[in-house]
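The structure under discussion appears below in the form of structure tokens.
No lab work stands behind these numbers, since they all come straight from the coordinates. In this text the structure is predicted, and so the values were computed from the model without any measurement. Because the Cβ atoms are built from the backbone with ideal geometry, glycine has one as well, and the counts that use them run over all protein chains shown.
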Amino acid sequence: MGVEIEVQNLTKSFGKQTIWADVSLTLPAGEICVMLGPSGTGKSVFLKTLIGLLKPDQGHVFIQGVDIATCSERQLYEVRKLFGVLFQDGAMFGSMNLYDNVAFPLREHTRKSESEIRRIVMEKMELVGLLGTEHKLPGEISGGMRKRAGLARALVLDPEIMLFDEPDSGLDPVRTAYLNQLIIDLSAQIEATFLIVTHDVNTARTVPDNIGLLYHRHLAMFGPREMLLSSQEPVVRQFLNAQRIGPIGMSEEKDDEEKEREGDQEMPPLPPIPKQQEPSNGQPRATQREPGAWCREHGITPPPGSFEDSMQLSGGAA
Ligand SMILES: Nc1ncnc2c1ncn2[C@@H]1O[C@H](COP(=O)(O)OP(=O)(O)OP(=O)(O)O)[C@@H](O)[C@H]1O
Ligand SMILES: [Mg+2]
């Protein structure tokens, strides 16, 4: 049913460069979270810290009572078995065909027979729509197919926690829509805890239960999707609506001159909050909330037109 990850006061630097400081958040068991942030704000570093590939300078990451930040290599090895990870570059072995790439974690971490491995590999290949390409080398397929092969590999150990680093970068809009549907369907099926790093605002607006935003060396906000999509906080608002007006500039933060020039240009009104994308079989996910529930509970009036089946471009395959 997925595993909770509790991050407390996490700080990471490389030499004198602080990447982010004092990050605290809880990834709730079985929920989907998206982490956003301008390029270079340390999203990939954050994912790598969660699986213990990078050690934080301060803080804790608790998973099933084990603190990843301070535990032994042995404990780390055990906890890692809970994870399925899709790295930003897909991280396929170039000299192995897709079948062997996807089978790799099973051969490495389990004592399953080759026929059992074959069953699992083919099942995951089918799930990501890659049946028939098992014999191809990573170099012989498109970037989007490599991503999906990476996804199949991340799935073979039946993970409790799925970490995806930009699964949708380099995908065309149609493939992105399919991938998002796949993530929702997977979540419904395996009920793992998901953390997805993405730059795609449409994905962030429609897929997750919760959204986080890293900005300017700290976690600007983390919370339920409706909380961030109805937030008036300028950084959150600018990022989630992909706008030019606001505190974020081309070089991360705008300088005084730029701010001056913008003067008191007002940010455009908040667009409607779209409905969350649903599983394709129509059955709600275990952790899915009613549209508008968070807003109601918190006495927030969502922007006009929210949660209506509208004409708006939403990642959901209509
Ligand atoms: N192993 C490392 N050693 C030193 N610095 C690093 C290391 N890994 C990352 N960094 C630095 O940490 C910062 C954040 O990098 P990271 O890759 O996490 O950014 P990101 O938010 O994932 O960016 P993007 O959206 O472009 O993928 C960058 O300045 C990068 O140079
Ligand atoms: Mg990155």
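When the alpha carbon coordinates of the range 5-262 are projected onto the principal axes, the ranges are 65, 43, 33 Å, largest first.
Straight-line reach from LYS16: taking Cα to Cα under 20 Å and skipping same-chain neighbours fewer than 8 places apart, the lysines in range are LYS43, LYS48, LYS55.
Projecting each Cα onto the charge dipole of the chain (Lys/Arg +1, Asp/Glu -1 at the beta carbon, about the Cα centre), which of ILE141, MET122, ASN281 comes out farthest on the positive side? Toward the positive end, the furthest listed residue is MET122.
Mean separation of Cα pairs under 8 Å and 6 or more residues apart, divided by the residue count, gives the range 126-234 a relative contact order of 20 percent.
For the chain, a Gaussian network of Cα nodes joined below 10 Å ranks GLN17, GLN88, GLN276 by mean-square fluctuation, and the top entry is GLN17. Fully extending the segment from GLU78 to ILE245, taken as 0.36 nm per residue of separation minus the present Cα-Cα distance, adds 55.5 nm.
Under a 10 Å cutoff between Cα atoms, tell me which one of GLY144, GLY299, GLY30 has the largest fluctuation in the Gaussian network model of the chain. Greatest mean-square fluctuation among the candidates belongs to GLY299.
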